[in-house]
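A quick write-up on the structure given underneath.
The values are calculated or read from the model by the stated rules, or taken from the named source; none is laboratory data. Small disclaimer: the values here were computed from a predicted structure and weren't measured. Counting neighbours? That spans all protein chains shown, and the Cβs are built from the backbone with ideal geometry, glycine included.
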Amino acid sequence: MSTTPSDPSTAATADEVRQKVTKSDAEWRAALTREQYAVLRQHGTERPGSSPLNREKRKGAFLCAGCGAELFASDAKFESGTGWPSFDRPAAKDAVSEHDDRSHLMRRTEVRCARCDGHLGHVFPDGPRGTTGLRYCINGVALKFKPDG
């Protein structure tokens, strides 16, 4: 098993980010809440509008709830009206990985944490035109917010 920060609400160090996090199913179940496990490890989806992070407006970073890797910055967050926290870009190009998802009789691009391979949500090409044009539609339960300062 790779090193993980003791508190996932704190960002992983640069050395920790380079290390992949692997845990057994039992270790993931012990480390995550039932809701986090369902989304991050079983590719579930939380109910739209259920995450307090939808209303988060402070400056800071959105971290992976599973491993603490920094995934998105607050300046990339925007209101999409979808019911899930939305971002136009990840914090770094290697913060997330993208995978073809053909579940539910549709074709989408799944987004995972590049460090622990936890399911985060999906990315769509209908984001803000003035930036990347992308909408990273992310389950709030898969994230922890760390305010600046």
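Annotations
- Flag if THR33 is closer than 26 Å to ASP148 by Cβ, surrounded by fewer than 18 Cβ atoms within 10 Å (Cβ to Cβ) and in contact (Cβ under 8 Å) with a residue 24 or more places away in the chain: yes
- So SER74, is it more than 20 Å from ASP117 (Cβ to Cβ), crowded, with 19+ Cβ neighbours inside 10 Å and modelled with pLDDT of 95 or more: no
- Residue within the stretch 37-52 that is surrounded by 15 or more Cβ atoms within 10 Å (Cβ to Cβ) and either among the polar types (S, T, N, Q) or touching a Pro at 6+ places or on another chain (Cβ under 6 Å) (or both) present: yes
- Looking only at the stretch 80-106, and only at residues there that are in contact with a strand residue (DSSP E or B) (Cβ under 7 Å, 6 or more places away or on another chain) and assigned to a loop (DSSP other than H, G, I, E, B), the one that is nearest to LEU53 (Cα to Cα): PRO85
- Tallying residues that are surrounded by fewer than 19 Cβ atoms within 10 Å (Cβ to Cβ) and farther than 27 Å from ARG34 by Cα within the stretch 125-149 yields 10.
- Failed condition for PRO90, given (1) without any contact (Cβ under 8 Å) to a residue 12 or more places away in the chain; (2) buried (at least 16 other Cβ atoms within 10 Å of the Cβ); (3) not aliphatic (A, V, I, L, M): (1)
- The one condition in (1) surrounded by fewer than 19 Cβ atoms within 10 Å (Cβ to Cβ); (2) at pLDDT 95 or above; (3) assigned to a loop (DSSP other than H, G, I, E, B) that GLU27 fails to fulfil: (3)
- Tally, over the stretch 112-138, of residues that are free of Cβ contacts under 8 Å to residues at least 40 places away in the same chain and touching a Phe, Trp or Tyr at 6+ places or on another chain (Cβ under 6 Å): 1
- Between CYS67, CYS116, the distinction of being at pLDDT 95 or above, farther than 14 Å from GLY140 by Cβ, surrounded by 19 or more Cβ atoms within 10 Å (Cβ to Cβ) and touching a Gly at 6+ places or on another chain (Cβ under 6 Å) belongs to CYS116 only.
- Candidates in the stretch 73-130 are the residues that are touching a Lys or Arg at 6+ places or on another chain (Cβ under 7 Å) and among the polar types (S, T, N, Q); of these, the one that is farthest from GLU27 (Cα to Cα) is SER80.
- If the condition is being in a loop (DSSP other than H, G, I, E, B), closer than 21 Å to GLY49 by Cα and acidic (Asp, Glu), then the stretch 107-149 contributes only ASP126.
- Residue within the stretch 100-111 that is surrounded by fewer than 15 Cβ atoms within 10 Å (Cβ to Cβ), at pLDDT 95 or above and over 27 Å from ARG34 (Cβ atoms) present: no
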